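The values are calculated or read from the model by the stated rules, or taken from the named source; none is laboratory data. Since the structure is predicted, the reported quantities are computational estimates derived from the model, not experimental observations. All Cβ positions, even for glycine, are placed from backbone atoms using ideal geometry, and neighbour counts span all protein chains on display. With ligands, DNA and RNA removed, areas are computed over all heavy atoms of the protein, side chains included. Shrake-Rupley method; radii C 1.70, N 1.55, O 1.52, S 1.80 Å.
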Amino acid sequence: MTGPIALPGAPLPLSTTPAPSHDDVPPEVRRAAEEFEAVFLNQMLAPMFEGIQTDGLGGGGMGEEIFRPMLIERYAQSLTQAGGIGIADSVIRELMRMRETAVPPQEAADGAAG
């Protein structure tokens, strides 16, 4: 099945088509999609670490408060670089779909002049 799936209440149908191959995707699109996935994972991982107590010898304190968000950010980046959870592929698929349906600036200018 390669067509979109219509979900009640969903603003757009979900696409089940596979993500474009690495060769078909411009590097800036892939980078933006992977950065988005890393930020998303960072936001999902942060609450998991809030309840962890690290008081005691070598743990806790001001240093931990400062460096823990950086550690979580690196975890998110590592997860994304290792293949992620599929968000980047979905973002790439949607960006490429939007890119294909966008009207080129020259055609838009020609249409407005006529």
Exercise for the section: Could you list all residues from region 44-96 that are charged (D, E, K, R) and either modelled with pLDDT of 85 or more or open to solvent by 60 Å² or more (accessible area, probe 1.4 Å) (or both)? Expected result: Glu50, Asp55, Glu65, Arg68, Glu73, Arg74, Asp89, Arg93, Glu94
Practice task
Output the qualifying pairs, or none if there are none: Cβ atoms under 8 angstrom, residues six or more apart or on different chains, first residue in region 87-114 and assigned to a helix (DSSP H, G or I), second residue among the charged types (D, E, K, R) and modelled with pLDDT of 90 or more.
Solution key: Ile87/Glu37; Ala88/Arg30; Ala88/Glu34; Ala88/Glu37; Val91/Glu37; Ile92/Arg30
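Within region 49-89, can you find the residues that are among the small types (Gly, Ala, Ser) and over 17 Å from Phe36 (Cα atoms)?
Here is the first cut: in region 49-89, the residues among the small types (Gly, Ala, Ser) are 51, 56, 58-61, 63, 76, 78, 82-84, 86, 88.
Those that are among the small types (Gly, Ala, Ser) and over 17 Å from Phe36 (Cα atoms): Gly51, Gly56, Gly58, Gly59, Gly60, Gly61, Gly63.
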Completion exercise
Among residues of region 7-43 being open to solvent by 90 Å² or more (accessible area, probe 1.4 Å) and more than 16 Å from Ile92 (Cα to Cα), the residue modelled with the lowest pLDDT is Pro11
Fill in the blank from the handout: Listed by first then second residue, the pairs whose first member lies in region 21-42 and is more than 22 Å from Arg68 (Cα to Cα), whose partner is of a type in the set (Val, Ile, Thr) and not in a loop (DSSP other than H, G, I, E, B), with beta carbons under 8 Å and at least 6 positions apart or on separate chains, are Val25/Ile92; Val29/Ile92; Arg30/Ile92; Ala32/Val91; Ala33/Ile87; Ala33/Val91; Ala33/Ile92
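Restricting to region 33-65, name every residue that is on the phi > 0 side of the Ramachandran plot and assigned to a helix (DSSP H, G or I).
The answer is Gly61, and nothing else.
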